[in-house]
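This report refers to the structure that appears directly beneath it.
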Amino acid sequence: MKNRILSLIISLSVCTAAAISLPSCGDRSADSSSSSDVSGSSSSDVLPESNSQNSTADSSSSNSSASEVLDSSGKVTVVWTSTADAPGDTDLFTAKFKVLGDASGLNEVTIGGDIVVSDASFQNINVEVVAGGVDIGGADAAAATPEGAAIVIDTKGANTGDEVSLTFKLANVDVCTSFDFIVLFDAEVLEFVDITPSTTMDTCGQLNYNVG
């Protein structure tokens, strides 16, 4: 009998700890009229060709990118729509790539297009882009620390044939209700594998992506 009681206490403790560790999403029940129309589960799905832009935020004030990688052959549109406000200063997702060929050195991965990151009022935030990439034959490198709102991308070291995951992080933002932008990379050097939303973004909404 004592063993059964002890087992029950341990089970309850584990469940409580798991519940506490979940990310905290903002309560939007009081303002349901402004929430995004999101169907299905909050998992990562591939966007249909016709759904490559997110209309949740005011796109008239969207950011633009002047990166040299903008004309790259590798493009993945990523859209996240929220069911609840996500806290800022959090990982957005990880993008996995496979290193191809005999290239060497730093191969930049950045974002471009009409960059939309919306706040609690569904207004677009002007964000700096801190590009990262894959340093083939090199090592991991710390990203520069942005002073204002930014999307920061990892730089990871890898070798030909390796698969490497780069984290895209939102910095210096209080609340995020949506984001929409294009991940840009050199498809002759890096092969896109997949995107996995962070625990926070998976809990507070749904992430979709479309290759090409």
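Only one of Ala84, Ala95 is modelled with pLDDT under 95 and hydrophobic (A, V, I, L, M, F, W, C); which? The unique qualifying residue is Ala84. Which of the strands (runs of 3 or more DSSP E) found entirely inside segment 92-184 contain at least 3 residues meeting this: surrounded by fewer than 18 Cβ atoms within 10 Å (Cβ to Cβ) and in contact (Cβ under 8 Å) with a residue 60 or more places away in the chain? Result: 163-171. Condition (residue is at pLDDT below 95 and closer than 16 Å to Asp91 by Cβ) applied to segment 130-144: is it met by at least one residue? Within segment 130-144, one or more residues are at pLDDT below 95 and closer than 16 Å to Asp91 by Cβ.
The values are calculated or read from the model by the stated rules, or taken from the named source; none is laboratory data. Everything numeric here is computed off the predicted structure, so don't read it as measured data. With ideal geometry, Cβ positions are generated from the backbone for all residues, glycine too; neighbour counts draw on all protein chains shown.
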